[in-house]
1. Would region 238-249 turn up any residue that is farther than 22 Å from Lys293 by Cα and assigned by TED's automatic domain parsing to the domain that holds Gln139?
2. What are the residues in region 332-349 that are in contact (Cβ under 8 Å) with a residue 40 or more places away in the chain and either buried (at least 22 other Cβ atoms within 10 Å of the Cβ) or within 16 Å of ligand 3 (Cβ to nearest atom) (or both), if any?
3. How about region 176-203: which of its residues are in a strand (DSSP E or B) and either acidic (Asp, Glu) or within 16 Å of ligand 4 (Cβ to nearest atom) (or both)?
4. The conditions are (1) at pLDDT 95 or above; (2) more than 22 Å from Trp94 (Cβ to Cβ); (3) under 23 Å from the mean Cα position of the chain (by Cα), and Asp189 fails exactly one of them. Which is it?
5. Quick check: is even one residue across region 382-391 part of a strand (DSSP E or B) and either surrounded by fewer than 20 Cβ atoms within 10 Å (Cβ to Cβ) or touching a helix residue (DSSP H, G or I) at 6+ places or on another chain (Cβ under 7 Å) (or both)?
6. Between residues in region 256-284 that are at positive phi and residues that are exposed (fewer than 12 other Cβ atoms within 10 Å of the Cβ), which pairs lie under 6 Å by C-beta distance while being six or more apart or on different chains?
7. Scan region 100-137 for residues that are assigned to a loop (DSSP other than H, G, I, E, B) and within 16 Å of ligand 4 (Cβ to nearest atom) and jot them down.
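The values are calculated or read from the model by the stated rules, or taken from the named source; none is laboratory data. Quick caveat: nothing in here was measured; it's all calculated off a predicted structure. Ideal geometry is used to build each Cβ from the backbone, glycine not excepted, and the neighbour counts take in all protein chains shown.
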Amino acid sequence: MKTQQHISSSLRKTKISFYIFTLLAFIFFIILLLGQDFTFLFRQQQQQQLSQPLSPQQQLLQQEGGQEETPPTIPFAETMSELECDLFSGKWVWDESTRPIYEEWECPYIQPQLTCQKHGRPDRDYQFLRWQPHGCSLQSFNATFMLEKLRGKKMMFVGDSLNRGQYVSMICLLHRVIPEHAKSMETFDSLTVFRAEEYNATIEFYWAPFLLESNSDNAIIHRVTERIVRKGSINKHGRYWEGADILVFNTYLWWITGMKMNILRGSFDEERKDIVEMETEDAYRMAMKSMVKWVQRNVDLQKSRVFFTSMSPSHGNSVEWEGGPNGNCYNQTTPIEDPAYWGTSSRRSIMKVIGEVFSKSAVPITFLNITQLSEYRKDAHTSIYKKQWSPLTPEQLANPVSYADCVHWCLPGLQDTWNELLYTKLFRP
Ligand SMILES: *[C@@H]1O[C@H](CO)[C@@H](O)[C@H](O)[C@H]1NC(C)=O
Ligand SMILES: *[C@@H]1O[C@H](CO)[C@@H](O)[C@H](O)[C@H]1NC(C)=O
Ligand SMILES: *[C@@H]1O[C@H](CO)[C@@H](O)[C@H](O)[C@H]1NC(C)=O
Ligand SMILES: *[C@@H]1O[C@H](CO)[C@@H](O)[C@H](O)[C@H]1NC(C)=O
């Protein structure tokens with residue numbers, strides 16, 4: 001806390017030092033992410049057989065007990081006939097007739113970290129793939145219909161930068177049917193609000209990379225190193241989520257640095273902080289349970305729906321898919337063909353935790369199991385085609401693999417599919 005206060009007071013001195021600090025924070029972030037990806041290289045061997053978590057169907061709509069008298073109604077559902085198909089099991093097919101759903105230049109809301117064409121990406125193949133589930137098809141996205149359903153309502157995405165990507169994709173999918181004068185987007189600290197005025201609807205994003213309170217909660221200045229998460233603190237952010245009609249949570253990226261998590265008991269304001277180390281999976285389970293409990297206490301499930309998006313995979317190490325060394329998502333233009341492909345083993349252990357928590361959950365949280373279908377998409381990352389936070393060095397420029405971002409995704413692209421899945425689950429649960 002002291003160093004943080006020291007930093008922030010010196011920040012005020014000049015705008016320039018603030019700028020430099022922000023750059024450094026982001027450089028640290030990217031270095032850490034890449035470092036993380038490389039550690040998996042060495043952990044690959046330890047991959048173990050883990051028992052299969054529950055299927056998405058088993059997760060879905062576990063109605064609370066004691067509702068025998070009235071038939072369950074699911075908010076937003078258009079039909080009660082259950083979709084007899086696992087939407088998350090399927091394959092990527094080439095489809096020039098319906099893809100991309102929108103053009104990059106048509107959507108002014110995409111942040112410059114995700115506009116790959118603008119930043120010189122030479123190929124566009126990643127925009128033309130459509131997800132085809134094995135047993136059925138995704139509902140095609142109708143923006144007018146969705147906005148009608150959102151009339152007078154609030155939809156909110158809560159989580160990290162990957163959830164922000166999905167949020168922006170949702171805005172891009174919706175905004176085209178709203179005239180210029182009747183929409184706006186504003187950011188206030190952790191909260192970004194898109195307004196569709198004629199519909200009296202808002203679609204919002206709330207930055208909370210751990211869901212719980214942490215020392216990484218500042219939307220601009222956040223540090224992955226020395227990250228500390230406070231136990232039992234979900235209401236700190238949760239009070240800003242109350243009243244949302246549709247909530248979409250995610251959290252994953254910030255938990256997986258390969259190091260143990262620092263968990264704070266007590267408050268960040270205390271002089272002597274009571275911090276314990278926890279295994280990543282145990283800390284993650286604690287956060288998931290807090291989220292479920294928060295939903296149980298604060299969400300009126302007669303009128304609202306809650307979604308949870310599973311882990312977004314990264315492709316920082318080509319050893320995982322081709323056995324070749326020194327590569328990553330850079331220069332990848334095709335998806336992985338192996339249907340059984342799954343990157344790092346740590347994602348299995350987190351998936352297992354999610355399965356366990358949701359199987360015991362008394363509240364119906366719709367699970368968007370996007371991990372497997374995204375695992376195939378080594379071609380869909382922003383790679384080097386994004387706004388850089390700092391000028392690149394000659395050494396970096398000579399070796400693009402060294403600075404490729406294999407965590408985030410180009411828009412339009414993969415994350416539009418996550419929203420098609422969300423759309424289908426919303427109206428056809
Ligand atoms: C989209 O939804 C609107 C509003 O429900 C409807 O009038 C329109 O026909 C739909 N468009 C398509 C292509 O289904
Ligand atoms: C707009 O929606 C909010 C809920 O988000 C509601 O409280 C308010 O009454 C609505 N206003 C109008 C004019 O419909
Ligand atoms: C990109 O990949 C192609 C093969 O797919 C290879 O021929 C080419 O040399 C690679 N380019 C760079 C800059 O690595
Ligand atoms: C999500 O999907 C993957 C791949 O289809 C599966 O292995 C995993 O068990 C699913 N997770 C849950 C919690 O259902």
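1. In the first step, residues of region 238-249 are kept if they are farther than 22 Å from Lys293 by Cα; the result is none.
No, that holds for no residue.
2. Once the filter is applied, which keeps residues that are in contact (Cβ under 8 Å) with a residue 40 or more places away in the chain and either buried (at least 22 other Cβ atoms within 10 Å of the Cβ) or within 16 Å of ligand 3 (Cβ to nearest atom) (or both), region 332-349 yields Gln332, Thr333, Thr334, Pro335, Ile336, Gly343, Thr344.
3. Initially, region 176-203 is screened for residues in a strand (DSSP E or B), giving 183-188, 191-196, 201-203.
Answer for region 176-203, where residues must be in a strand (DSSP E or B) and either acidic (Asp, Glu) or within 16 Å of ligand 4 (Cβ to nearest atom) (or both): just Glu186.
4. With respect to (1) at pLDDT 95 or above; (2) more than 22 Å from Trp94 (Cβ to Cβ); (3) under 23 Å from the mean Cα position of the chain (by Cα), Asp189 is out only on (1).
5. Taking region 382-391 as the starting set, the residues that turn out to be part of a strand (DSSP E or B) are 382-383.
Add one more test, that the residue is either surrounded by fewer than 20 Cβ atoms within 10 Å (Cβ to Cβ) or touching a helix residue (DSSP H, G or I) at 6+ places or on another chain (Cβ under 7 Å) (or both), and what stays is none.
The answer is no; no qualifying residue exists.
6. The qualifying pairs are Gly266/Asp274.
7. Result: His134, Gly135, Cys136.
Residue-by-condition table, conditions (1) at pLDDT 95 or above; (2) within 16 Å of ligand 2 (Cβ to nearest atom):
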{"position": "Thr79", "(1), (2)": "no, no"}
{"position": "Val93", "(1), (2)": "yes, no"}
{"position": "Trp105", "(1), (2)": "yes, no"}
{"position": "Gln111", "(1), (2)": "yes, no"}
{"position": "Cys116", "(1), (2)": "yes, no"}
{"position": "Phe141", "(1), (2)": "yes, no"}
{"position": "Leu150", "(1), (2)": "yes, yes"}
{"position": "Asn163", "(1), (2)": "yes, no"}
